[in-house]
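The values are calculated or read from the model by the stated rules, or taken from the named source; none is laboratory data. If you're wondering where the values come from, they're calculated on a predicted model, not measured in any experiment. Cβ placement follows ideal geometry from the backbone for every residue including glycine, while neighbour counts extend to all protein chains displayed.
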């Protein structure tokens, strides 16, 4: 059986960490890592595509496909050599929010165009519980 998934950096790092003792020493083109397990070979490509091959493929992919835990995050801008306020935003995503948003191609904002951000921003603000704090220079 063969299955493939597109995983996040965190999922890939967790996978490699979990099976570090099964890491193949072979260097393959476009492959970040290959894990050789008794019932499955897991090939992790630079593109973040992960291919599971063998009898255990369904077992290993099942855990990754259904795994989501609630997360909170924040980020700030204006803390460097920029004139203007410091702006901090935070949001919370639980499984219900994740299911509502999983079909959107949401990724790191540094890898997303302004046009996409302008479309996704209002959707995220409407869907996710969030907080925004703007600190002007007279507040600091």
Take the conditions within 21 Å of residue 5 (Cα to Cα), modelled with pLDDT of 80 or more and surrounded by 13 or more Cβ atoms within 10 Å (Cβ to Cβ) and apply them to residue 56. Does it pass?
yes
Flag for residue 39 being exposed (fewer than 10 other Cβ atoms within 10 Å of the Cβ), assigned by TED's automatic domain parsing to the domain that holds residue 56 and touching a residue at least 12 places away in the same chain (Cβ under 8 Å):
no
Inspect all residues belonging to segment 107-128 and state whether any of them is in contact with a helix residue (DSSP H, G or I) (Cβ under 6 Å, 6 or more places away or on another chain), outside the structural domain of residue 12 (by TED's automatic domain parsing), surrounded by 10 or more Cβ atoms within 10 Å (Cβ to Cβ) and part of a loop (DSSP other than H, G, I, E, B).
yes
Checklist (1) over 22 Å from residue 7 (Cα atoms); (2) within 19 Å of the chain's Cα centre (by Cα); (3) assigned to a loop (DSSP other than H, G, I, E, B) applied to residue 84, failing item:
(2)
Matching option when the condition is modelled with pLDDT of 90 or more and in contact with a strand residue (DSSP E or B) (Cβ under 9 Å, 6 or more places away or on another chain), among 132, 101
132
